[in-house]
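First up is the structure itself, then whatever we jot down about it.
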Amino acid sequence: MDKESQQERDDALTKARVLTEALPWINQMKGKTFVVKYGGSAMEDPRLRSAVISDLVLMKLIGIRLVIVHGGGKAISALMKRLDIGVRFQDGMRVTDEATMEAVQMALLGKVNQQLVGTMNSYGDYAVGLSGADGRILEGTPLSAELGRVGRVSKVGTELIENLLDSGYVPMIAGVAMGADGPLNVNADLVASEVARALHADKLVFLTDVDGLYRDFSDKASLISRLSLTETRALLDSGELESGMIPKITASAEALESGVGKVHILNGTFPHALLLEIFTDSGVGTMLYQDEQDERA
């Protein structure tokens, strides 16, 4: 057998082993509800976006009930620059006046949401794009006067989401909530957590630009593969977390405390990270779980 034929055979055997390992997980995950927060480079780069969406389509086709929540910070900033609107941040949050709020809606709903919906629907009639105004699925209240139209989610209306899921669709929700006097810009991590809590989701998945949660971000060997809720709370209280990871870990802990089954933090730029984390024994990111649970599922 020549080298090329041997390589083809080895590749086929590898695929067969992966499929064999995945089968029990596929059977176990069918019918489960997953909320996936989608953001970072994996959303903005067309090649990566296509790869991630194809994995999400596969998950949908095997029977997982998927809800996608997305942000779009870079798209918002780019549009604001073109519109000559000044960009200001305070405590890591975008100060959102009326002009900025219009840009947020234009970027998130007019561009990013439609890009994601269009990419998924290139595989079939699967995705439906939503904002907080649709069916009042996201109601919110302002965080502070200094931040302007930045808000927190006060209520998630699940009826429309559940109806779409029951009809076989994938809701794609932008991080815009409805306040008492108009729209509010809400951090997509927090939206994903609140939606997962309201749906009593089996899994909440954060797709990021890093491999997971590190004890020391400068030490790549310090990646944490598994963390219980008690350990998560202790890590938050320790003050050792990188500031950029605090919102995700806080949202993760709150989701677990509200009954979400497990939370996964993955690098969306890693090929097939979603499939490897969900459908293999080892996983590739960080999994946070209830104290009484200690399984990979």
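The values are calculated or read from the model by the stated rules, or taken from the named source; none is laboratory data. From a predicted model like this one, the values you see are computed outputs, not experimental measurements. All Cβ positions, even for glycine, are placed from backbone atoms using ideal geometry, and neighbour counts span all protein chains on display. What goes into the accessible areas is simple: the full protein's heavy atoms, side chains included, and nothing from ligands, DNA or RNA. Shrake-Rupley method; radii C 1.70, N 1.55, O 1.52, S 1.80 Å.
Helix 73-82 versus the longest principal axis of the chain: what is the Cα-based angle in degrees, 0 to 90, to the nearest 10?
Here the helix axis deviates by roughly 50 degrees.
How many nm separate the modelled label positions at Asn27 and Phe89, each set 7 Å beyond the Cα in the direction of the Cβ?
Once both label points are built, they end up 4.7 nm from each other.
What number, rounded to the nearest 500 deg cm²/dmol, is the helix-based mean residue ellipticity at 222 nm of the chain, given -39500 (n - 2.57) per DSSP H run of at least four residues and division by all its residues?
-12500 deg cm²/dmol
With the other protein chains left in place, how much accessible area per residue, in square angstrom, belongs to the chain at a 1.4 angstrom probe?
47 Å²
Quick check: residue separation of Arg136 and Ser225 times 0.36 nm, minus the Cα distance between them. What number comes out in nm?
Residue separation times 0.36 nm, minus the Cα-Cα distance, leaves 28.4 nm.
Only four residue types carry charge here, +1 at the Cβ of Lys and Arg and -1 at the Cβ of Asp and Glu. Report the dipole size of the chain about the Cα centre in Debye, rounded to the nearest 20.
520 debye
Cα centroids of the range 221-281 and the range 78-156: how far apart, whole angstrom?
Centre-to-centre distance over Cα atoms comes out at 24 Å.
Given that just one value was derived from the coordinates, which of (i) 69, 45, 36; (ii) 56, 52, 38; (iii) 85, 40, 39 is Cα extents along the principal axes in Å?
(i)
Determine how large the accessible area of Ser77 is when every protein chain is in place; take a 1.4 Å probe and give Å² rounded to the nearest 10.
Only protein atoms counted, so the area is about 40 Å².
Which entries of Lys30/Lys74; Lys32/Lys81; Lys60/Lys111; Lys220/Lys248; Lys111/Lys220; Lys30/Lys220 show an alpha-carbon separation above 30 angstrom in the structure shown?
From Lys30/Lys74; Lys32/Lys81; Lys60/Lys111; Lys220/Lys248; Lys111/Lys220; Lys30/Lys220, over 30 Å: Lys30/Lys74; Lys32/Lys81; Lys111/Lys220; Lys30/Lys220.
Roughly how many percent of the accessible protein surface of the chain is carbon and sulfur, given a 1.4 Å probe and a whole-percent answer?
Looking at the chain in its full context, I get 50 percent from C and S.
Limiting things to C-alpha atoms, what are the Rg and the maximum Cα-Cα separation (Dmax) for the range 53-140, in angstroms?
Taking only Cα atoms of the range 53-140, I get Rg and Dmax of 15.3, 46 Å.
What are the ³J(HN,Hα) couplings of the range 172-178, residue after residue, when phi is run through the Karplus curve with 6.51, -1.76, 1.60 and θ = phi - 60°? Round to Hz, x for glycine and proline.
Working through the residues one at a time gives 10, 10, 7, x, 10, 9, 9 Hz.
Excluding Val87 itself, calculate the net charge of residues whose Cβ lies under 10 Å from the Cβ of Val87, where each Lys or Arg counts +1 and each Asp or Glu counts -1.
Computed value for this residue: +3.
Averaging over all projection directions, find the projected area of the Cα convex hull of the range 123-243 and quote it in nm² with one decimal place.
10.1 nm²
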